[in-house]
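I have placed the structure first, in the form of structure tokens, so that the comments after it can refer back to it.
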Amino acid sequence: MQTLVFPSFQTSSETLGTGCAMKPHLAKKIFKGVLFLECLGVAGAYALYFKMDTSQEFRQKMNRRYPSILEVYYKSNEWSGIYGKREKDQETWLSSRN
């Protein structure tokens, strides 16, 4: 009976424990890029939340274009204990239509 040995499963003293043959400077660049994108995403989410929190007109625009995002805004406010924004917005928007 022959024993099959796959080259990708062989370990040598050079790759033992590393699991990846990536150079450290390349890994550091990739990590910095991912970290930058994460920070950019958090900043963008905060900017969107701030804009929606301060402008009822912007919330109305979001209601027309992206109602699911506005729903997340209302839910996050309700989870944090801020109630009444949804009702106030709907009341204002209904009265402005008439």
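The values are calculated or read from the model by the stated rules, or taken from the named source; none is laboratory data. Computed from a predicted structure; not experimentally measured. Neighbour counts run over all protein chains shown; Cβ positions are idealised from the backbone, glycine included. The area values use the complete protein model at the heavy-atom level, side chains included, leaving out ligands, DNA and RNA. Shrake-Rupley method; radii C 1.70, N 1.55, O 1.52, S 1.80 Å.
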Carbon-plus-sulfur fraction of the accessible area of the range 26-88, 1.4 Å probe, in percent?
65
Run the numbers for VAL72 and ARG97: contour at 0.36 nm per residue of separation, minus the present Cα-Cα distance, in nm.
6.6 nm
Which net charge results for the neighbourhood of ARG86, defined as the other residues with beta-carbon distances under 11 angstrom from its beta-carbon, given Lys and Arg at +1 and Asp and Glu at -1?
-1
